[in-house]
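Beneath this line is the structure, given in structure tokens, with notes to follow.
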Amino acid sequence: MWLPPLSAPFLTLTLFLSLHAEASPAPSASCPMDLGYVDSLPWDASACESPDPNPNLLQQQHCCQTLLSLFGIALAQHLNRTSLFKLPDIPSSAACLIDFQSKLTALSLPASLVPSCFNNSERFVIRPWRCAGIQTKQDWLRILGPSTPLEDGCSDDVSDLTACKVCLNSANKVSARLVKIAKNASQSTECFYYAILYAAAFGNSKGPQDLGTAFCILGLPLAPPRKSGFRKRIAVVFGSSGAGVVVILMSAICAMYLWWRRRRPEKGLILKDDEGRVKRPNTGAVWFDVQDLKQATDYFSKQNLIGEGSFGVVYKGTLSDGTLVAVKGLTAPDCLEKNDFANEVELVGNIRHRNLLPLRGCCLARDESGEEQMFLVYEYMPNGSVEDWVFGAKKKDGNQLSWAQRRRIIVGVGKGLAYLHNGVQPAIFHRDVKATNILLDADMNARVADFGLAKQSRDGQSNLTTHVAGTHGYLAPEYALYGQLTEKSDVYSFGVVVLEIMSGRRALDTSGGMDVRTFLVSDWAWGLMKAGKIGEVIEEGMRKEGPMSVMERFVMVGILCSHVMVAFRPTMTEALRMLQGDVEVPEIPDRPMPLGSHDSSFNFQDTFSCLRAPSGLC
């Protein structure tokens, strides 16, 4: 339960912890760890800053995961200094948690965070029954010897994604060896944390407080980079001059941005000739006159409305040559939506692939009141979206996708994404792969749609972003939490879509209540796989249609692609080869829970901070 802020945090925390301890902390007990880094390390505390005493479940998980990783830095430093993998006794553990809360309170964070997330001080105490009986570094060396993959795999700067993958793979190998020695699979999570604590304490020469070590090995989300103190200056302006000044300032920034876009001749998106007439862009998309689109859609009549969402409306239309099209109009355009509009025209205008939705053209116009209107024109997809068939109107009408159709759709989506990642230069990351953005043509072939959030990968540019965009349930954890964007971010979303199509269960499914173990389709499928019941992931009505071994392979690929750790996901090309049976699906590595005892009620889940709700083409 998430507790409200406490009026007497230290007294309340001490009483709370003592209820869960075997003995009350002695008054003289002190914390043997140095937690001074809590207020100096640039960690992202945004998930724990909410004044709402009852935040939603995902925010609660995100906050507790962040605090577990933050506390793990002190545990790794303590291991390096004392050779103890955890704290010596409950009084010292309770004292450290009190000290930890005091550091958080000094940062103006709620006084209830530690008792909410760490409701048992015993979890951080060394015990002989944890992970093959390891309690000290000497036990580690006695059991594993003086050299393990961690010494080589984690010695480099792990802030690089490739080096991070090597390090995490090494930790997984060591933890698997420890579980084998312990002959107890239930210790897999605990042993994995022992491995990453050892890696942070001894394997990496930079130490646990190094940002790369904290981010990669311990999973601590870092605060996004701030440019020239911009946020601080905004806060000063807001405080001294009122909200109106900020609104004016942000409007000016938006206007400057739009002016800049219009001045970019190499993109040629909104160029005008000497008489002020708009030219066609330097893309494969055609500029339409708004009058043509009005006639095609019967003046945007409600009868032709086929989709609506927070970002726009979509109408079915018939051009003068008889071609059926879908006309997407952006509603109440601001600078962000203009960016989406420009992004889609520029990135997708020249791309042609049988599994990507072709963009036929675009239109800029003004309505009677002078407001600017923006339209994108696509080929019309008569069979709607995967969302319609798996969860929506089509399914409710009794039209269930066959196994053959699902298989073709999944492979088609994989081919489309693989082309974006490998078939164009620079590579394109879609960033919003979801069931509503996969449309179906007359032959039920999949077409990946909506590239408004797509982003090009350019050499020499940072792969960290402060602008996290996407949809709840489909965002990869490292992207949602840390702004780490790679092709594996799309791979994660693809894995979620595969599981949705195979199971008929939504990415975020609250039908089982708010139990986090059933909340996300990836976790639900993972749990069934670990229990040896992977066949139960497949939608019941489809199980009799095809070889279960092939359908189970598709589920396994979906689980692997949606692995919470980016290092263990395949590329899209590798995933396609697995789906098509060209290579075997490898053994899927365990998914670690947060640092701490495996009996924690919080799992290392996908936690989302994003801009879009599920909305199809809209």
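The values are calculated or read from the model by the stated rules, or taken from the named source; none is laboratory data. Being a predicted model, the structure only gives us computed values, none of them experimental. Glycine gets a Cβ as well: all are built from the backbone with ideal geometry, and neighbour counts include every protein chain shown.
Could you please find all residues in region 518-550 being closer than 22 Å to Arg577 by Cβ, over 26 Å from the mean Cα position of the chain (by Cα) and aliphatic (A, V, I, L, M)?
Correct list: Met548, Val550.
Please determine whether any residue of region 91-101 is closer than 17 Å to Gly36 by Cα, among the small types (Gly, Ala, Ser), touching a strand residue (DSSP E or B) at 6+ places or on another chain (Cβ under 7 Å) and modelled with pLDDT of 90 or more.
yes
So Glu372 fits all but one of (1) in the same structural domain as Thr471 (by TED's automatic domain parsing); (2) surrounded by fewer than 21 Cβ atoms within 10 Å (Cβ to Cβ); what number is the exception?
With (1) in the same structural domain as Thr471 (by TED's automatic domain parsing); (2) surrounded by fewer than 21 Cβ atoms within 10 Å (Cβ to Cβ) applied to Glu372, the lone miss is (1).
Kindly list, by first and then second residue, each pair from a residue in region 393-406 that is closer than 15 Å to Glu539 by Cα to a residue that is in a helix (DSSP H, G or I) and aromatic (Phe, Trp, Tyr), limited to pairs with Cβ atoms under 7 Å and residues at least 6 apart or on different chains.
Every condition considered, the pairs that remain are Lys395/Trp389; Asn399/Trp389; Leu401/Trp389.
Val557 versus (1) in contact with a Leu (Cβ under 7 Å, 6 or more places away or on another chain); (2) among the β-branched types (Val, Ile, Thr); (3) within 26 Å of Tyr194 (Cα to Cα): which is the lone unmet condition?
In the conditions (1) in contact with a Leu (Cβ under 7 Å, 6 or more places away or on another chain); (2) among the β-branched types (Val, Ile, Thr); (3) within 26 Å of Tyr194 (Cα to Cα), Val557 misses (3) alone.
Looking at (1) at pLDDT below 85; (2) small (Gly, Ala, Ser); (3) under 29 Å from the mean Cα position of the chain (by Cα), can you tell me which one Ser385 breaks?
(1)
Could you check region 415-436 and list, in sequence order, the residues that are closer than 17 Å to Leu576 by Cβ, at pLDDT 90 or above and assigned to a loop (DSSP other than H, G, I, E, B)?
Val433, the sole residue that qualifies.
For Val386, state whether it is within 18 Å of Ala449 (Cα to Cα) and touching an Asp or Glu at 6+ places or on another chain (Cβ under 9 Å).
So Val386 passes the test.
Conditions tested, residue by residue: (1) in contact with a helix residue (DSSP H, G or I) (Cβ under 6 Å, 6 or more places away or on another chain); (2) surrounded by 14 or more Cβ atoms within 10 Å (Cβ to Cβ).
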residue: Val537; (1), (2): yes, yes
residue: Ser549; (1), (2): no, no
residue: Ile559; (1), (2): yes, yes
residue: His563; (1), (2): no, yes
residue: Arg569; (1), (2): yes, yes
residue: Glu574; (1), (2): no, yes
residue: Leu579; (1), (2): yes, yes
residue: Pro589; (1), (2): yes, yes
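Can you tell me which condition Ser108 does not meet? The list is (1) buried (at least 21 other Cβ atoms within 10 Å of the Cβ); (2) part of a loop (DSSP other than H, G, I, E, B), and all the others hold.
Tallying (1) buried (at least 21 other Cβ atoms within 10 Å of the Cβ); (2) part of a loop (DSSP other than H, G, I, E, B), Ser108 fails exactly one: (1).
What residue, among those in region 43-72 that are modelled with pLDDT of 90 or more and in contact with a Gly (Cβ under 9 Å, 6 or more places away or on another chain), is nearest to Ile217 (Cα to Cα)?
This residue is Gly72.
Restricting to region 116-134, name every residue that is assigned to a loop (DSSP other than H, G, I, E, B) and either surrounded by 18 or more Cβ atoms within 10 Å (Cβ to Cβ) or touching a helix residue (DSSP H, G or I) at 6+ places or on another chain (Cβ under 6 Å) (or both).
Once the filter is applied, which keeps residues that are assigned to a loop (DSSP other than H, G, I, E, B) and either surrounded by 18 or more Cβ atoms within 10 Å (Cβ to Cβ) or touching a helix residue (DSSP H, G or I) at 6+ places or on another chain (Cβ under 6 Å) (or both), region 116-134 yields Phe118, Asn120, Arg130, Cys131, Ala132, Ile134.
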